[in-house]
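Notes to accompany the following structure.
The values are calculated or read from the model by the stated rules, or taken from the named source; none is laboratory data. These figures come from a predicted structure and were not determined experimentally. Cβ atoms come from the backbone with ideal geometry, glycine included; neighbour counts cover every protein chain shown.
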Amino acid sequence: MSAVTQMKPQAPAPKASATISTLPERPRKGLALPGWANSLAVNTLPPLVVVLVILAVWQIAFSAPGSNLPTPTTVWAESSDLILEPFYVYGSQDIGLGWRVLTSLERVAYGFGFAALIGIVVGAVIGQSVWMMRGLDPIFQVLRTVPPLAWLPISLAAFMDSRPSAIFVIFITAIWPVIINTAAGVRNIPQDYRNVAQVLRLNHIEFFFKIMVPAAAPYIFSGLRIGVGLSWLAIVAAEMLTGGVGIGFFIWDAWNSSRLTDIIVALVYIGVVGLLLDKLVGFIGRVVTRGTSEA
Amino acid sequence: MGYLNISHVDKTFVTGSKRAEVLRDIRLDIAQGEFVSIIGHSGCGKSTLLNLIAGLTDVTKGGIKLDGFEVKAPGPDRAVVFQNHSLLPWLTVYDNVKLAVEKVFRGVKNKAERHEWILHNLDLVQMRHAADKRPGEISGGMRQRVGIARALAMEPKVLLLDEPFGALDALTRAHLQDAVMDIHARLGNTMIMITHDVDEAVLLADRIVMMTNGPAATIGEVLDVNLPRPRERISAATDPTYLKARQAVLRFLYERHRFVEAAE
Ligand SMILES: Nc1ncnc2c1ncn2[C@@H]1O[C@H](COP(=O)(O)OP(=O)(O)OP(=O)(O)O)[C@@H](O)[C@H]1O
Ligand SMILES: [Mg+2]
């Protein structure tokens, strides 16, 4: 039995019977910062560097005279007011991007809210019944792949108005992942929990609220998270076609009046808001399902 | 006829075109306040029998009567302690018991009485100190205690325990056996407990029901354990009655009905 110590820590030991290799303690490198500042630096520094690099490359690539896209500096020069003042109001169509985002978010709130409510209930019913599952799942799988905008003409024909149409498009886009995930969650409720419910003679409503929703919550929230992402994709696209004051229409409008720099700023807004929506639903999910994943 | 009467019960599972006869002609009478252990090799149908009594599965033939009433569906008069505790992980210990108490005693006890009753049952298993913990934060033995408290809180006519201590280490198991004996002595409930453990069966039970191997398992032998109560594990271990009972069970399990590796 040889005790090889600190010779070649990286090399995988060739399955010696009992080789004790003490790894040299890793020297604590980096700045001596307090914990929170350290984690902040670790989490924000790399993306910050990457963004700066991208901006630099972009700047260099499109600096040549006659290039057809603006550089970051031109974006700043022409559209900095959009970035600095999200909530100005100069006229009914001349409002800050913050207001536009809020308008879009309001539609998302309606469409996604309905999708969440109805999706959870429908998913729960389907998950409870093997036959419903067998019959409906293939249909959902097909409908789920229909792109949001493909629903718009039908929606416009049905509602004859752009606002409910846009909301319906969000609803119909977001509902499938909610239904499918909820059904999967309900199907995966352990038999034990069902037995407990049966012994206690819980009725359907009690079972739904006390067992089904909490037990399926992790699945439900992953469905909601996908759904909210799709909603945001859908609203921007739908608004480009239906008009109004949302962020999607703003892009379309800017394109028609050749304000490329405004479009770029709007894209950043959309990306950031989409990320925040995703994080928000993820956060709510984590808080709500705190106990479910343990044990 | 006993308090709990199982008469000529058959159970055959039908899945698609496959039929599996698991239990055949089970006959058993259990008196009120009696403690019965069911022992048998793995897969012989012990859980199936317990689920029939609980009403979680339907009998194929025959009938089960409890206190004069036919067993048709599950209900809180036949509380079950499941093998894997089956506490709801998103509820605290207190809320897990509360779920049962609210359901069973709504309209019978007022809010303060229900609160007292929950705490009383947690006290019975010495778990009041963990009332605000979630199942994920307590040990396996503690979870099983809470499972027992939840079942007791329903004030069942019969308490059904399906290998409640199967997953626990020997020491914890011994503690919980003592706890169950203590509860049985204090409350005098009728209890049916499935076990794999010969010592557990002999120490706890008034009668041991030994099942033959499946398929179509039935009751092979019933043994009375005439040990006086309260029983104490150390002195019992040298008691001739205890040793004889133990030997009888071992002989049944390992000589007459040796476990045949089932061809799955
Ligand atoms: N729902 C079911 N459908 C078909 N067969 C079943 C069903 N439930 C149980 N069985 C079969 O019945 C037999 C007895 O199962 P059971 O769970 O009652 O055994 P057990 O004695 O409790 O075993 P263990 O000691 O391992 O828990 C097994 O062969 C099992 O495959
Ligand atoms: Mg079993």
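Any idea which of B:Ile64, B:Ile53 is surrounded by 19 or more Cβ atoms within 10 Å (Cβ to Cβ), of a type outside the set (Ser, Thr, Tyr) and either within 24 Å of A:Tyr193 (Cβ to Cβ) or within 14 Å of ligand 1 (Cβ to nearest atom) (or both)?
Working: B:Ile64 fails: either within 24 Å of A:Tyr193 (Cβ to Cβ) or within 14 Å of ligand 1 (Cβ to nearest atom) (or both).
So the residue among B:Ile64, B:Ile53 that is surrounded by 19 or more Cβ atoms within 10 Å (Cβ to Cβ), of a type outside the set (Ser, Thr, Tyr) and either within 24 Å of A:Tyr193 (Cβ to Cβ) or within 14 Å of ligand 1 (Cβ to nearest atom) (or both) is B:Ile53.
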Note to self: Among the numbered criteria (1) within 30 Å of B:Thr48 (Cβ to Cβ); (2) at the interface with chain A (Cβ under 10 Å from one of its Cβ atoms), which one does B:Gly141 miss?
What the structure shows: (2)
Notebook entry, point to check: Looking at B:Ile208, is it touching a Pro at 6+ places or on another chain (Cβ under 9 Å), modelled with pLDDT of 90 or more and within 16 Å of ligand 1 (Cβ to nearest atom)?
Noted result: no
Check: Is it true that some residue in region B:7-14 is charged (D, E, K, R), away from chain A (no Cβ under 14 Å), away from ligand 2 (no atom under 16 Å from the Cβ) and closer than 26 Å to B:His184 by Cα?
Finding: no
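Among the residues of region B:150-183, how many are more than 16 Å from ligand 2 (Cβ to nearest atom) and either within 14 Å of chain A (Cβ to nearest Cβ) or modelled with pLDDT of 95 or more (or both)? Let's see the steps before the verdict.
Initial filter on region B:150-183 (more than 16 Å from ligand 2 (Cβ to nearest atom)): B:150-159, B:169-183.
Now narrow it down to the ones that are either within 14 Å of chain A (Cβ to nearest Cβ) or modelled with pLDDT of 95 or more (or both): B:150-159.
The qualifying residues number 10.
Which of the residues that make up region A:271-288 are in contact with a Phe, Trp or Tyr (Cβ under 9 Å, 6 or more places away or on another chain) and within 18 Å of A:Arg107 (Cβ to Cβ)? Don't jump to the end; show me each part of the working.
Of the residues in region A:271-288, the ones in contact with a Phe, Trp or Tyr (Cβ under 9 Å, 6 or more places away or on another chain) are A:273-274, A:277-278, A:281-282, A:284-286, A:288.
Correct list: A:Val273, A:Gly274, A:Leu277, A:Asp278, A:Val281.
Find the helices (runs of 4 or more DSSP H) located wholly in region B:73-175 whose residues include 3 or more that are more than 16 Å from ligand 1 (Cβ to nearest atom) and among the small types (Gly, Ala, Ser), and list them.
Values: elements: B:93-105, B:111-124, B:140-153.
Here the list reads B:140-153.
Just to be sure before I move on: is A:Arg163 surrounded by 17 or more Cβ atoms within 10 Å (Cβ to Cβ), in contact (Cβ under 8 Å) with a residue 12 or more places away in the chain, in a helix (DSSP H, G or I) and of a type in the set (D, E, K, R) in the structure I sent?
Working: surrounded by 17 or more Cβ atoms within 10 Å (Cβ to Cβ): no; in contact (Cβ under 8 Å) with a residue 12 or more places away in the chain: yes; in a helix (DSSP H, G or I): yes; of a type in the set (D, E, K, R): yes.
So A:Arg163 does not fit the description; no.
Please determine whether any residue of region B:205-215 is part of a helix (DSSP H, G or I) and either surrounded by 13 or more Cβ atoms within 10 Å (Cβ to Cβ) or not hydrophobic (A, V, I, L, M, F, W, C) (or both). Step through it out loud before you land on a result.
Of the residues in region B:205-215, the ones part of a helix (DSSP H, G or I) are none.
No, region B:205-215 contains no residue that is part of a helix (DSSP H, G or I) and either surrounded by 13 or more Cβ atoms within 10 Å (Cβ to Cβ) or not hydrophobic (A, V, I, L, M, F, W, C) (or both).
Return the total of residues in region B:67-82 being closer than 18 Å to B:Lys11 by Cα and either buried (at least 20 other Cβ atoms within 10 Å of the Cβ) or touching a residue at least 24 places away in the same chain (Cβ under 8 Å) (or both).
First, pick out the residues of region B:67-82 that are closer than 18 Å to B:Lys11 by Cα: B:70-74.
Imposing the further condition that a residue be either buried (at least 20 other Cβ atoms within 10 Å of the Cβ) or touching a residue at least 24 places away in the same chain (Cβ under 8 Å) (or both) reduces the set to B:71, B:74.
So the count comes out to 2.
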Checklist line | One residue from B:Glu34, B:Glu102 being within 14 Å of another protein chain (Cβ to nearest Cβ), buried (at least 17 other Cβ atoms within 10 Å of the Cβ), among the acidic types (Asp, Glu) and away from ligand 2 (no atom under 16 Å from the Cβ) | finding: B:Glu102
Next item on the list: Check every one of the helices (runs of 4 or more DSSP H) wholly within region A:191-295 and list those with 1 or more residues that are of a type outside the set (A, V, I, L, M) and within 14 Å of chain B (Cβ to nearest Cβ).
Entry: A:191-199, A:204-207, A:213-242, A:260-288
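Mind listing whichever residues of region B:44-64 are in a loop (DSSP other than H, G, I, E, B) and more than 14 Å from B:Arg24 (Cβ to Cβ)? Steps first, answer last, please.
Residues of region B:44-64 that are in a loop (DSSP other than H, G, I, E, B), as a first pass: B:44-45, B:55-60.
Once the filter is applied, which keeps residues that are in a loop (DSSP other than H, G, I, E, B) and more than 14 Å from B:Arg24 (Cβ to Cβ), region B:44-64 yields B:Gly55, B:Leu56, B:Thr57, B:Asp58.
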